[in-house]
Structure formats: C-alpha cells, structure tokens
Amino acid sequence: MIATLVIFLREGVEASMIVAILLAYLSRSGQRRHFRDVFAGVAAAFVLAGAGGIAAYFTIRTYADSRVQTIFETVTYLLAAALLTYMTFWMRSHARGLKSELQSRADAVLGSHRESASAAATPAGNEAMSRGTRAGLALLAFQAVGREGVETVVFTLAIAFSSTHNQRGGLLTGAVIGLAIAMVIAFVMYRLGHRINIGRFFTLVGALLMVFAAGLLVDAVQNMQELGWLPGASHQLWHTGAILNEDSAIGDIAHSFFGYAQSPTVLQAVVYLAYLACVLFAFFGVRQRMQRRPAAR
C-alpha cells in the first residue's frame, strides 16, 4: 500500500503538473474552449496505459510459479529500477524548463493552425483548423501524460510481483489515496502555482523512490540467482524471518518499498548498498551544483 501510494503520488503530481501548466496557459491565452481537448488526451493516455497494465498482469498470471514468470518479473524489476532512476534525474534537470517547453509546444499547435486559417479564411478552412487544433492539443496532452502512465504501469507491476498475494489488495487502496492527494496538489498548483515549492517535493520523493529502486534491484538479483544467471556471492548473510517475516504486513511493506530481505545474499547486499551510494551521491551532488550555479554568476 505504501509503495503504490508514493508511486501514484509522485507520478500523479508530475502528470497533473503538466496538465495544470497546459490549462493555465490556455486560460491566459483565451483558449479555455480547448480544455476538453486536453482532458480527452489525458483520458486516452490513462485508458491505454491502464488497459496495457491489466493485460500484462493477467497474462503473466497464467504462467504462475514458472520460469517464464520469474524471467518476466526480473525484467520488470530491472526496467522499473532503470525508469525510476532516469525519471528522478530527468525531472531534476528539466523541472525549470518544463513550463516553457510545454508552452512553446502549445504555441506551435495553436500558431500553426492560426496561419492555416489566415491562408484559407473559409468556413471549411476554419472548421478544419478547429479540428486540427483540437487534435493537436489532445495529442500533446496524450504524449506528455502517457509517459507518466506507462511508467506508473511498470512500477505497479513491479510492486505487485514483489508483494505477497495477501498484500496485493492494499495496492489499489494505496494507488487511490496517492492519486487523490496528487489531484489536490494539482488543483492548488493550478490556482496558486508559483507559491508551491515543487522542486523540494520532487527532491524528497525522488530520494525515497531511489530507495524503492534499490529494493527492486535486490529482487532482480534474487531472481537471477534462482535462475542460475548470477551464481557467485550467493552465501546468505543472515536470516531474520523470526523477527520480521516478509510475509507479514509490516515485513511486506519493508520488502516492497525498502528492499528488506529476511535472508539476503552477499550479492544482494552489495548491489543494494552500491546502488544507493552511487545514485544518492550523484542526486544530491547535482542538486548542490545547481544551487551554487546561480550564485557563481
């Protein structure tokens, strides 16, 4: 539950921030009639991403307890960890320019069709321009939000595969709560945008999600060792199942979000610590350099 809450909160804030920027810009430009086109693109992105995720989940369930399932889960863990790492650093470097980038792309859609209208100022031309503008804005929203939807599907699949069967019911609850909080933040951003320190939000949540990514790598290493792909360093360091079992409620939360393993191997521990040391040092090192850069100028 905690893992999906944080994932949907983070992805929901990023997606809703994109939508809020587009809506605010259209409102200031006197183009509020195109709000529905943006919402249409957003809805299409979430429907397609959700359908793809459901299809993938139920397809892989047909291979329960098989080697195929283990391989699929391993690929999902690695892909999710890579995406989490990439998107955290991407948002760090592009957050400041995201607003201007979206506005310029919206201008490109609106401007190109204004030029077409002036070139063919006929009722048929105006109608074609209107359809083209609506489709362009819907596609812009679809592309911008669709990426977040695909990422969310990958992360949710990874969480579902790393959770026990009894704990999967709470995944939906966490997702709904996280998305609801994200919608509240989006509304506040739309009305009071510049007063929210969105950079600090992404810094804190980004650091948490990299801990989650480290846990996914631990699960991937465990699967690859079981598959015989990583035969070395398989000696177990300890067994704490009697103190905190992974099948318990608290143990499942610790496992799915923080990467807790009751019987970790040497390689799992090395990968976990090495990944966190590298990405957190790079993440906060980049942040400090970005903060010093304006002062140096």
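The values are calculated or read from the model by the stated rules, or taken from the named source; none is laboratory data. Not measured: the values here are computed from a predicted model. Backbone-built Cβ (ideal geometry, glycine too); neighbour counts: all protein chains shown. These area figures cover heavy atoms from the full protein model, side chains too; ligands, DNA and RNA do not enter into them. Shrake-Rupley method; radii C 1.70, N 1.55, O 1.52, S 1.80 Å.
Remark: VAL184 matches the filter, which requires a residue to be open to solvent by 30 Å² or more (accessible area, probe 1.4 Å), assigned to a helix (DSSP H, G or I) and over 20 Å from PHE89 (Cα atoms). Taking the range 230-255 as the range and being under 15 Å from ALA269 (Cα atoms), touching a residue at least 24 places away in the same chain (Cβ under 8 Å) and part of a loop (DSSP other than H, G, I, E, B) as the test, the residues that pass are LEU230, GLY232, ALA233, SER234, HIS235, LEU237, TRP238, HIS239.
Hey, could you check the range 31-42 for residues that are over 17 Å from the mean Cα position of the chain (by Cα) and surrounded by 14 or more Cβ atoms within 10 Å (Cβ to Cβ) and say which is nearest to VAL153 (Cα to Cα)?
Of the range 31-42, the ones over 17 Å from the mean Cα position of the chain (by Cα) are 31-41.
Of the ones still in play, those that are also surrounded by 14 or more Cβ atoms within 10 Å (Cβ to Cβ) are 31, 34-35, 37-41.
Details: GLN31: 32, HIS34: 28, PHE35: 26, ASP37: 24, VAL38: 21, PHE39: 20, ALA40: 20, GLY41: 18 Å.
Checked the range 31-42; the qualifying residue nearest to VAL153 (Cα to Cα) is GLY41.
How about the range 158-168: which of its residues are open to solvent by less than 60 Å² (accessible area, probe 1.4 Å) and modelled with pLDDT under 75? Walk me through it before giving the result.
Quick first cut of the range 158-168, residues open to solvent by less than 60 Å² (accessible area, probe 1.4 Å) only: 158-164, 167.
Selection gives SER163, THR164, GLN167.
Filter the range 238-260 for residues that are out of contact with any Ser or Thr (no Cβ under 6 Å at 6 or more places or on another chain) and open to solvent by 80 Å² or more (accessible area, probe 1.4 Å) and give the result. Within the range 238-260, TRP238, ALA242, ILE243, ILE250, PHE258 qualify.
In the range 7-14 there is at least one residue that is open to solvent by 20 Å² or more (accessible area, probe 1.4 Å) and either under 18 Å from ALA158 (Cα atoms) or at pLDDT 85 or above (or both).
Please enumerate the residues belonging to the range 190-208 that are at pLDDT below 65 and either open to solvent by less than 40 Å² (accessible area, probe 1.4 Å) or among the basic types (Lys, Arg) (or both). Write out each step before concluding.
Step one: filter the range 190-208 for residues at pLDDT below 65, giving 192-196.
Scanning the range 190-208 gives GLY193, ARG195.
Can you spot a residue in the range 231-238 that is in contact with a Gly (Cβ under 9 Å, 6 or more places away or on another chain), more than 18 Å from TYR77 (Cα to Cα) and either among the acidic types (Asp, Glu) or modelled with pLDDT of 85 or more (or both)? Checking the range 231-238: not a single residue is in contact with a Gly (Cβ under 9 Å, 6 or more places away or on another chain), more than 18 Å from TYR77 (Cα to Cα) and either among the acidic types (Asp, Glu) or modelled with pLDDT of 85 or more (or both).
Going through the range 61-71 one residue at a time, which ones are without any contact (Cβ under 8 Å) to a residue 40 or more places away in the chain and open to solvent by less than 70 Å² (accessible area, probe 1.4 Å)? If you could, list the steps in order and put the result at the bottom.
So the first thing to find is which residues in the range 61-71 are without any contact (Cβ under 8 Å) to a residue 40 or more places away in the chain, and the list is 61-66, 68-69.
Answer for the range 61-71, where residues must be without any contact (Cβ under 8 Å) to a residue 40 or more places away in the chain and open to solvent by less than 70 Å² (accessible area, probe 1.4 Å): ALA64, SER66, GLN69.
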